[in-house]
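Student: Attaching a single structure in structure tokens format; questions to follow.
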Amino acid sequence: SRYRAYHGGTDTAITLTGDPRRWPNDRGNAGIVHFNGPFLYRSSFYAETEEQESQRALEYLDKLIQMEGPATIAAIILESIPGTAGIMVPPPGYMAGVREICDRYGIVFIADEVMAGFGRSGKWFSIDHFDVVPDLLTFA
């Protein structure tokens, strides 16, 4: 799961959440690894363009998966458009790149649509803006 993501308030969902709200409940034994996603305004990748931000975020994710061991990763869960940490629309190519990485390593791609689904972004599910089909889609 990405840092700056929100996935809910129940035990596992709060641990998946990538912001400080999880700290009181995160005992470090859930097997969840967080990673930086693209956000050009506060880039973790020293990017100057959306294209650089997307490419560098994908390279970072790929290296992280290699270091953690692809066989140890069941799924990557992403909010299609993160909401509670700010409306951070992924740059062009990012979601397709995550899909490709998941396919390459046999990792399940989960699109969390709890905050962004059901027409909130102009499409039924926000993942549809990126021409990507997740393996699983969550909503509430």
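Student: For the stretch 42-136, compute Rg over Rh where Rg is the Cα radius of gyration and Rh is the Kirkwood radius from the inverse mean 1/r over Cα pairs.
Tutor: Numbers: Rg = 13.4 Å, Rh = 13.9 Å.
Ratio of gyration radius to Kirkwood radius for the stretch 42-136: 0.96.
Student: Taking the Cβ of Val132 as the centre, find all other residues whose Cβ is under 10 Å away and add up their charges (Lys, Arg: +1; Asp, Glu: -1).
Tutor: On the way: positive: Arg99; negative: Glu100, Asp128, Asp131.
Counting the neighbours of Val132, the net charge comes to -2.
Student: How large are Rg and Dmax for the stretch 50-99 when only the alpha carbon atoms are used, in Å?
Tutor: Cα-based Rg and Dmax for the stretch 50-99 come out at 11.9, 32 Å.
Student: Something else now. For Glu100 and Val33, calculate 0.36 nm times their separation in residues minus their Cα-Cα distance, and state this gained length in nm to one decimal.
Tutor: Working: separation 67, 0.36 × 67 = 24.12 nm, distance 1.93 nm.
The span from Glu100 to Val33 would gain 22.2 nm if fully extended.
Student: Work out from phi, with θ = phi - 60° and the Karplus expression 6.51 cos²θ - 1.76 cosθ + 1.60, the ³J(HN,Hα) of each residue of the stretch 132-140, listed in order in whole Hz, and give x for Gly and Pro.
Tutor: 3J(HN,Hα) across the stretch 132-140, in whole Hz: 10, 10, x, 6, 9, 10, 10, 7, 10.
Student: Kindly provide the Kirkwood hydrodynamic radius of the stretch 83-140 in Å, to one decimal, from all pairs of distinct alpha carbon atoms. Walk me through the intermediate numbers first.
Tutor: Numbers: mean 1/r = 0.0838 Å⁻¹.
Computed over the stretch 83-140, the radius equals 11.9 Å.
Student: About the Cα centre of the stretch 62-134, what is the dipole size in debye to 20, counting +1 per Lys and Arg Cβ and -1 per Asp and Glu Cβ, all else neutral? List each step's numbers first, then the result.
Tutor: On the way: 5 positive and 9 negative charges, 16 e Å.
Charge dipole, the stretch 62-134, about its Cα centre: 80 debye, nearest 20.
Student: At a 1.4 Å probe radius, which order do Arg99, Arg104, Arg120 fall into by accessible area, largest first? Numbers along the way, then the final one.
Tutor: Numbers: Arg99 35, Arg104 120, Arg120 155 Å².
My answer, sorted largest first, is Arg120, Arg104, Arg99.
The values are calculated or read from the model by the stated rules, or taken from the named source; none is laboratory data. Predicted, not measured: the structure shown is a model, and the values here were computed from it. For neighbour counting, all protein chains shown are included, and Cβ atoms are generated from backbone atoms with ideal geometry for every residue, glycine included. Areas reflect the complete protein model, heavy atoms only, side chains present, ligands, DNA and RNA absent. Shrake-Rupley method; radii C 1.70, N 1.55, O 1.52, S 1.80 Å.
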